[in-house]
1. Using amide H atoms built 1.01 Å from N in the peptide plane, name the residues 5+ places from B:VAL279, or on other chains, whose amide H lies under 5 Å from its own.
2. Among A:50-58, A:65-73, B:438-446, how do they line up from the highest to the lowest mean number of other beta-carbon atoms within 10 Å?
3. Residues of A:133-146, mean number of Cβ from any other protein chain within 10 Å of their own Cβ, rounded to a whole number?
4. Once you average over the residues of B:366-377, how many Cβ atoms of partner chains fall within 10 Å of each Cβ?
5. When the Cα centres of the stretch B:247-303 and the stretch A:240-269 are compared, how far apart do they sit, in Å?
6. When ranked by the protection proxy of mean other Cβ atoms within 10 Å per residue, highest first, what sequence do the peptides B:84-90, B:29-35, B:334-340 form?
7. Which of A:LEU290, A:LEU75, A:LEU178 moves the most in a Gaussian network model of chain A with Cα springs under 10 Å?
8. In terms of the Cα gyration tensor, with a ≥ b ≥ c the square roots of its eigenvalues, is the stretch B:1-95 rounded because a/c is under 1.5, prolate because a/b exceeds b/c, or oblate?
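Since every read-out is calculated from the coordinates, none of them should be taken as a lab result. A quick note: this is a predicted structure, and the numbers were derived from the prediction, not measured. When we count neighbours, we look across all protein chains shown, and the Cβ atoms used for this are built from the backbone with ideal geometry, even at glycine.
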Amino acid sequence: MRLRLAPEKTNIDFFSLQYITFGASIVAVLLTFLSVATLGLNFGIDFRGGTTIRTESTQAVDVGVYREALSSLGLGDVSITEVFDPVFRADQHVAMIRIQAQEGLEAVTPEIIERVETALRAVDPVITFPSVESVGPKVSSELIWSAALAVAAGSLGILFYVWIRFEWQFAVGTVAALLHDVIVTVGVFSVFQLKFDLTIVAALLTILGYSVNDTVVIFDRLRENLVKYKTMPLRDLMNLSANETLSRTLMTASTTLIALTVLLIFGGDVIRGFVFAMLFGVFVGTYSTLYVAKNIVLFLGLDRSDKSKTDGKPGNEFANIDA
Amino acid sequence: MQSPLWKRILIWAVCALGLAYAIPNLFYTPVEQHNDASKAIAVAGGVATPEQEAALALWPSWMPSSLVNLGLDLRGGAHLLAEVQVADVYKDRIDGFWPQVRDALRAERDTVGNVRREPSDPGVLKVKIGTPAGMAKAVEVVKALAQPVVTLTGVGQTDIEVAVEGDTIVVQLSAAERAATDSRTVQQSLEIIRRRVDEVGTREPTIQRQGTDRILIQVPGIGSAAELKALIGTTARLTFNPVRGRTTDATADAGARNVLLPSSNEEGTFYIIEQTAVVTGEELVDAQPAFDQNGRPAVNFRFNPSGARAFGEYTAANIGQPFAIVLDDEVISAPTIQSAIPGGSGIITGNFTVEESTELAVLLRAGALPAELTFLEERTIGPELGQDSIDAGRLAGIIGMIAVAAFMIACYGWFGVMANFALAINIALLFAILSVIGATLTLPGIAGIVLTMGMAVDANVLIYERIREELRAGRGPSRSIELGFEKAFSAITDSNVTAILTAIIMFVIGSGPVRGFAVTLGIGIITSMFTAVYVTRLIIMTWMAYRRPKSIVV
């Protein structure tokens, strides 16, 4: 008996709730803008400058005691959070200490780090410092821009490729869908004030790649069906294409989600935020493939008059392989 | 329906090669020791110690031995991003230009009158002339001193800009000369940093130029960024200057052409020394840690011939006078010249510890930095945290692989098994390529591999779903399989090309961990396309030819 994620033949009308689903997407995007404007993002030191110190001890972490120990050093805004992780040993107690960028200094000086370490050793003699990272405000502001640039360049590259391989309407639909995914993911990081650093940008770019992958597969089928069924209304054609590829959409989403869930649980706390962003992005990416990209193409309309001029085997430019 | 024999052999050969090159990574530590030993033996000219022989025997030398580099976040070490203060050099250049300008203008004293250097910002030379009427001539004289700049874009430009402010001539470096100087300064700094890091001999440091004036330094295995900073952040500009006086007044007036510098080991003592050095550290050919006659740590040094001559002449002419050994604007010591020192070698004593004298010797050997460095980014990752990350990544990778494989079998049965086989080859190929190109594996890179496993089956899923459709349409097994592969191909190509596009963009724009992730993701996409399209197809075709099933269930 095989596991089937979707029945062999489905006939779901993905447009029946189009106002609700598309509306929900628009609302989610608007909420993200609102949230980023009001709550902002919890930037890590990559984007804000400052220092993070990871502490590890066999003694339990008492955030209050740590704060007490550091309060006399006059370092400005210091945040201390205890880190929990299922793969930690029983006597492994980890905390992250974040110190704001110091006035007039590019990177936190070794003397300041030395003082912090001495102060913490006084309250916990067995404490160790597995990592100390410090980023100056000059680099961090550049990193924000290069991150934004990366997302923009990624979107443009995809827009261009899809435009060449398909039609411009598909390109617009694809890019709208994947920007939706990236924006909503950023929104989740803003609403829950999760730490947003350079690795999250890598995750966003991966979401970009995954989302476009998913969308392109349906568009590829749509391109094929456009030739096969010349008179079928576009809306029905899209439903047909989405239904035909539904099994694959769910299969791929499932295997990716399985791999990511394993990584989320066992991959350690250092990359948890990164994995979470991708996990969420795959969910949204799958949703947007089914409910956002096609709606935009339908809304823009397709010029189907010159389809007869093609050779009847679209999408087969690369199909003459054998192995 | 079977593909030609040569093609089958080629595909299997690629897979076998991939496996062979991936295997060393399973035995990371012994292979690493083997590689280190063979490198050390090659350096020693083929002579091996017994320990090296033993390390060499840990891995057969006929096997491939390239390994994936572990990034700093996995191995532990220090990361620094330094900015070279390129403007420092402008000041030296302009100050060095002043005697030339003075001499040239003095030759025209009749027209321009007396000349005097006015106080100005660093990097600017302001010269006041006594007879303003002769300004045109003065400007002409100064401009004649300019040298053409040789750069790709700066054709026809000279190295200085001359302007007039009332009765003052203002000389600055031109934009073209500044660009050329910047580039040289950063290149020199890079070389000197590399020499200093190599002197302490750690494994595979990364020292790269970034942008116009930045240098990225990553040194695995070093204890902390502070330690690395002490090594490369010191300018180590050594000079030997005549001493004019000694004082405890920090605000004392040093007088023209003199400077007041603090003593490094006598608190509150200052020396008035002549600004112009007799000899500088640039003329050193060697420096070694040593002990003075009282058994205190010191540094022995030797000058090159021209330095030795200058030093010998100066000491011969100034017996009984003190002179100062100045390091980075601090007087290390100010001994009195007992006799002429003609041989060009000497000893620097101060209040050193053994570590300090060793470090100073390293710095002096490697040379002084042309400009100061400021640090924009520093990261230290402890080796234990790196090991924890490797362990977590490995655990997640294995569990993820098992989970994805089980899911594939649950969905596609025997065809799932065949896809899993291709997936295993995919991972092997990925590691093989990463090892051969010497890519660096970072923690996000491991995440990229795990993600690749999830996404790699996508191509297989596309193919299998197509085969199912063809079977439902009533076609025979082998025809369905053939059509399945054929029709799925355009979707596979389009989706993977866009994914590779994003990987390339991440690599170009990103830095550090993002790059590591982009590399594994990009290579993973390419290998997964190869395995899904060629390897899976070959496996299925071989199985079909062997079993000749009347019907198949995908």
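1. Answer set, sorted by chain and number: B:PHE240.
2. Per-residue Cβ counts within 10 Å, averaged per peptide and sorted highest first, yield B:438-446, A:50-58, A:65-73.
3. Counting Cβ atoms of other protein chains within 10 Å of each residue's Cβ and averaging gives 4.
4. The shielding value for this peptide is 3.
5. A separation of 68 Å, based on Cα centres.
6. Put in order of decreasing packing, that is B:84-90, B:29-35, B:334-340.
7. A:LEU75
8. It is oblate, given that a/c is not under 1.5 and a/b is not larger than b/c.
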